[in-house]
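What follows is one structure encoded as structure tokens, with my remarks underneath.
No value in this document is a laboratory result; all are computed from the given coordinates. No experiment lies behind these values; they were computed from the predicted model shown. Glycine gets a Cβ as well: all are built from the backbone with ideal geometry, and neighbour counts include every protein chain shown.
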Amino acid sequence: MAAVIRLSSVCRRGFKPLLYQSALLARPLVVVPKHRDQRHLLAAQIHSSQTLYGGSDSKAASLHWTAERVLSVLLLAMGPVAYLSPGPLIDYSLAAALTLHGHWGLGQVLTDYVHGETKEKMASAGLFLLSTVTFAGLCYFNYSDVGICRAVALLWSK
Amino acid sequence: LATFARQGVCLSRPHHNLLYRHAAPMGTTAKQEMNKFWDKNAKLNRPMSPHITIYKWSVPMMMSITHRGTGVGLSGAISAFALAALVLPGNYPYYLDLLHSLSIGPYLLGLTKFGLAFSVSYHTYNGIRHLFWDVGKGFKIPEVYRSGYIVIGLSLITSVALALL
């Protein structure tokens, strides 16, 4: 039978993070007879194989995750553009990107801290309302007032 | 054995090898499992185990919650601004002049600018740090601390520079 060294006896307690340390030392050691190696490797492969997990084939969560990162990069790129060539196009793009980034970010916060069917539904509805109003307000500001880029410039010239 | 340790697989009971050979996919999603956890514990009226009150705080922990805090704060500020734009009469320059006339004083002004600039800078720089993690880079503990200190340093420098503009 495979003998296993318990995690607690292997992990070093209270290690100093600033000192350079080999990552291998923090991992649990498994002492295993040679002939079992093949099966363990297979197990590791099965564990990491995405298609075998989950009851449904939905990639919704994964796609959402990717979309969040794509939006973040987009928003990052909008910064210099807003500074170098301000105007209505970047104003509206910023309004959309900021609102969506905030909406998804707050969504993650809700997922982390709000639990229970009804509470989750109510919080999501509230968030949706907030984001809608935010986007509407920003668009209105862009349309009938100075616009986001100009507003930041004016604020800073104070 | 060396390659195996590197994969970091830990088995607590030997006969699990046999189960993995004929592994069947789980019938529930991660979200369902998490909901089951919370439903069960709420129904049993269990108190929450102490965590942030007893666990020793670390720089990565503080940076993580600060990232969340700045994100929520900035989002709130943007929403408040948007709401104000919809509800308040008058336009933006009018309210700016109103603020001007309050003669707030350079230090308070500078402090507010610094606060705003720091939130945006920190959230942006730490956001980039997150994106590096998202592509799988920089997870070793020394790297986490190193990138963390770089983010803090850059944020402070940028915010001071912006506040002094």
**OP:** Sort the range B:72-164 into rounded, prolate or oblate with this rule: let a ≥ b ≥ c be the square roots of the eigenvalues of the Cα gyration tensor; rounded if a/c is under 1.5, and if a/c is not under 1.5, prolate when a/b is larger than b/c, oblate otherwise.
**Re:** oblate
Subject >> Peptide A:59-71 - average C-beta neighbours from other chains (10 Å radius) >> reply: 1
Original post:
How would you rank A:150, B:46, going from fewest to most other Cβ atoms within 10 Å of each one's own Cβ?
Top reply: B:46, A:150
Original post:
Summing -39500 (n - 2.57) over the DSSP H runs of n ≥ 4 in chain B and dividing by its residue number, what mean residue ellipticity at 222 nm do you reach, to the nearest 500 deg cm²/dmol?
Top reply: -24000 deg cm²/dmol
Original post:
In straight Cα distance, which lysines are under 16 Å from residue A:158, not counting same-chain residues fewer than 8 positions off?
Top reply: B:113
**OP:** Using the number of other C-beta atoms within 10 angstrom as an exposure proxy, rank B:103, A:124 with the fewest first.
**Re:** B:103, A:124
Original post:
Going by how many other Cβ atoms sit within 10 Å of their own, how do B:52, A:148, B:141, B:104 line up, fewest first?
Top reply: B:52, B:104, B:141, A:148
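Remind me, relative contact order of chain B in percent, using alpha carbon pairs under 8 angstrom and six or more residues apart?
26 percent
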Subject >> Reachable aspartates and glutamates, given that their alpha-carbon falls under 19 Å from the alpha-carbon of residue B:31 and they are not under 8 places away in the same chain >> reply: A:57, A:68, A:112, A:117, A:120, B:39
Original post:
For chain B, modelled as a GNM with alpha-carbon contacts under 10 angstrom, which of B:123, B:67, B:100 fluctuates the most?
Top reply: B:100
**OP:** State, to one decimal in nm, how far the label point of residue B:34 lies from the label point of residue B:97, with both points 7 Å from Cα in the Cβ direction.
**Re:** 5.0 nm
**OP:** Only loop residues by DSSP count here, and only those with at most 14 other Cβ atoms within 10 Å; note down the chymotrypsin sites (Phe, Trp or Tyr not before Pro) in the range B:97-165 that meet that.
**Re:** B:139
**OP:** Quick one: divide the alpha-carbon radius of gyration of chain B by 2.2 N^0.38 Å and tell me what you get.
**Re:** 1.59
**OP:** Just tell me the longest site-free run in chain B, where the sites are trypsin sites (Lys or Arg not before Pro) in a DSSP loop having at most 15 other beta-carbon atoms within 10 Å.
**Re:** B:57-136
**OP:** Return the long-range amide H neighbours of residue B:26 (sequence gap of 5 or more, or a different chain), with a cut-off of under 5 Å between placed amide H atoms.
**Re:** A:54
